[in-house]
Amino acid sequence: MFAVLKTGGKQYKVASGDVLRVEKLAAQAGDKIQFNDVLMVGSTVGSPFVEGAGVQAEVIDQIKGEKTINFVKRRRKHSSARKKGHRQQLTLVRISEILEKGADKSGVMAAVSGAGVVAAAAAKPAAKKAAPKKAEPKAEAPKAEKPKAAPKKAAPKKAEGGDDLKQLSGVGPALEKKLHDAGVTTFAQIAAWTEDDVAAMDEKLSFKGRIEREGWIAQAVELAKG
């Protein structure tokens, strides 16, 4: 009896005692395995597989196929060449028995492509990882209070009964304000200035000799008379 099985994306027509090189299986030398993807057994054709059929085999060894060389060269301005070798990993098996029915109850380990060894019993599902705890929101730092603006200095009020000092030669609003800030509000005060008073006021208010040059004292004496 013969059968047609499928493994590693390829189909093989086998009979009992045949030795095959198939794509690497997850098994070790000496293991007994069973191919369950059977397309045909004798005259029975599956759709696509024959239900309950199987092909049992014994793993002889894990081997490698012949080395193949892949060489690529690109002829361009900046030419390049690449050479790469490859040896396909294979499993050498010997067909021991072909089952038309009851393969699903045989208890033999199923042939699975890939590396490593697959146990007959189903692997236990991996334990679920605990969800990471959400980080507690950090307490917001108290916002720094904005510094209060310094209170504006009140403008000096003119003394009651003060004279209009802008009548003096060369005195405008700016100079009048300086004189008010210095406590001078009347013509009588200016008329009573001594030389020491003139020197002190000249230095204090940076008049640079303006008092004498403009003749403020003489003007103040006349203006004080009314």
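Quick note: the coordinates plus some simple rules give every number you see, no bench work behind them. Every value quoted in this text rests on a predicted model; they were computed, and no experiment measured them. Note that we place each Cβ from the backbone using ideal geometry, even for glycine, and neighbour counts take in every protein chain shown.
Compute the separation of the alpha-carbon centres of the range 168-226 and the range 6-36 and state it in Å as a whole number.
A separation of 121 Å, based on Cα centres.
What nm distance separates the two modelled labels at Ala15 and Ala218, each placed 7 Å from Cα along Cα→Cβ?
15.0 nm
Give me the one-decimal nm value for the distance between modelled label points at Val72 and Lys84, 7 Å along each residue's Cα-to-Cβ direction.
Going by the 7 Å Cα→Cβ label model, 0.6 nm.
Anything over 25 Å Cα to Cα? Flag those among Lys10/Lys32; Lys24/Lys67; Lys13/Lys83; Lys6/Lys84; Lys32/Lys67; Lys64/Lys101, in the order listed.
Correct reply: Lys13/Lys83; Lys6/Lys84; Lys32/Lys67; Lys64/Lys101.
Determine, for each peptide in 45-51, 30-36, 165-171, the mean count of other beta carbons within 10 angstrom over its residues, then list the peptides with the highest first.
My ranking of the peptides, most packed first, is 30-36, 165-171, 45-51.
Ranked from highest to lowest mean number of other Cβ atoms within 10 Å per residue, what is the order of the peptides 91-98, 77-84?
Sorting 91-98, 77-84 by mean packing, highest first, produces 91-98, 77-84.
Separation between the Lys64 and Lys177 pseudo-spin-labels, each 7 Å from Cα along Cα→Cβ, expressed in nm?
So the two model labels end up 9.6 nm from each other.
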